[in-house]
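Notes for the one structure printed next.
The values are calculated or read from the model by the stated rules, or taken from the named source; none is laboratory data. Here the structure is a predicted model, which means the values were calculated and not measured. As a convention, Cβ positions derive from the backbone with ideal geometry for all residues, glycine included, and neighbour counts pool all protein chains shown. Only protein heavy atoms, including side chains, enter the accessible area calculation; ligands, DNA and RNA are left aside. Shrake-Rupley method; radii C 1.70, N 1.55, O 1.52, S 1.80 Å.
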Amino acid sequence: MKFEDEPVPGYPLPILPGHTSPGRFERVLRAGGFAVTTELAPPDSADPDDVYKRARVFDGYVDAINATDGSGANCHMSSLAVCALLTRVGYAPIMQISCRDKNRIAIQGDILGGAAMGVCNILCLTGDGVQAGDHPQAKPVFDLDCVSLLEIGRTLRDEHHFQSGRKISFAPRVFLGAAENPSALPHDWRARRLAKKVAAGAQFIQTQYCYDLPLLRAFMREVEELGLLGKVYILAGVGPLRSAKTADWMRKNVPGMHVPDSVHVMAYRQEESVAEIVDRSGILKGRSPWYPERDASQSQRTAS
């Protein structure tokens, strides 16, 4: 999807009426495109090329890349740093912020810092407990939760001040999101929980893995009944599995994970499989999401 008003491919776009960020991800969604996002597992490394190598496998298949923030309470390169690296070359990153590890002072600083470096999308998360990760002796913070984090992000952007009331001189121009799990118990509470996030400022929602389609359909019916479909973009989470044993382990050990007894088993934790999944699904309908050197590559193919 190409936009006529983009100054240079990969650069920030002009903010249109009703938009809150100069980002490509928000543009694709508001233009009615079927947007595709994916997660990039941050490296256990300080080498920036490790980030770029992981991002390149998604070229031409995704509209935005989530940089996880200590997913599963495990330590990796920070989400803020990964996003800063990705914006350098024009990717559209989604910066995840987990309330587990930082208080509201640090979080507000990260929102401003990320926006200053060109990060246009933020996913607000409460975060997994430290006992789930590789540093169970760490002290959890949880000064905020997802809803209060969304409210703070919206206040910085729309009201131009910190939670303390102190003014900021230039607001972060960001697109705010949150996560939801349609499969978690109690099922009849999930849509109402989503409504609270939308009221707090969520503009897009990324769900956890949705392996139980009847549950997802029921969740979406409730979302529609609550009048939320025109207020938020919902991206359903899908992910391949390596084996039935992996599926069983995830069902028993991953918080909030629901894997029904009947599930089609393929692969798991293989970022290279994203391209194949998107290709075979046909969801892009011939559209090629932007990536560095995309336009040059297409011109070369046309010329040859």
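Brief remarks follow.
- For the chain, with all protein chains in place and a probe radius of 1.4 Å, 53% of the accessible heavy-atom surface sits on carbon or sulfur.
- Surface accessible to a 1.4 Å probe, residue 248 within the full protein complex, Å²: 60
- Accessible surface, 1.4 Å probe, highest first, among residues 294, 251: 251, 294
- Rel. contact order, % - alpha carbon contacts under 8 angstrom, at least six apart, the stretch 1-86: 25
- Residues of the stretch 157-196 with amide N under 19 Å of the 7 Å Cα→Cβ point at residue 11: 173
- Gain on full stretching of the segment that runs from residue 285 to residue 244 - 0.36 nm per residue minus C-alpha separation: 11.6 nm
- Flagged links, alpha-carbon separation over 32 Å, of 102/245; 2/196; 197/245; 2/53; 196/245: 102/245; 2/196; 197/245; 196/245
- Fraction of antiparallel bridges per DSSP, the chain only, in percent to nearest 5: 5
- Ranked order, 164, 98, 78 - accessible area, probe 1.4 Å, largest first: 164, 78, 98
- Once the mean of 1/r is taken over each pair of separate Cα atoms and inverted, the stretch 33-158 shows a Kirkwood hydrodynamic radius of 14.9 Å.
- Mean accessible surface per residue for the chain, computed with a 1.4 Å probe while every protein chain stays in place, in Å²: 51
- With DNA, RNA and ligands ignored, accessible area of residue 19 (1.4 Å probe; Å², nearest 10): 40
- Ranked packing of 81-87, 138-144, 37-43, 286-292, most packed first, by mean Cβ within 10 Å: 81-87, 37-43, 286-292, 138-144
- Sparse packing (at most 11 other Cβ atoms within 10 Å of the Cβ) combined with a DSSP loop state is found for the following trypsin sites (Lys or Arg not before Pro) in the stretch 128-221: 166.
- Rg(Cα)/(2.2 N^0.38 Å) for the chain, N = residue count: 0.98
- Taking a ≥ b ≥ c as the square roots of the eigenvalues of the Cα gyration tensor, the stretch 1-78 is prolate, since a/c reaches 1.5 or more and a/b is larger than b/c.
- Cα centroid of the stretch 157-195 to Cα centroid of the stretch 112-127, whole Å: 12
- Heavy-atom accessible area for residue 162, with the other protein chains in place and a 1.4 Å probe, reaches approximately 40 Å².
- Stokes-Einstein D (µm²/s) once Rh is taken as the Kirkwood radius of the stretch 132-195 over alpha-carbon pairs, at 37 °C in 0.692 mPa s: 226
- Available extension along the chain between residue 88 and residue 169 is 26.7 nm, counting 0.36 nm per residue and deducting the alpha carbon span.
- Solvent exposure, largest accessible area first (probe 1.4 Å, DNA, RNA and ligands not counted), of 222, 159: 159, 222
- Helical segments meeting 20 Å axial Cα length and Kyte-Doolittle 1.6 threshold in the chain (DSSP H): none
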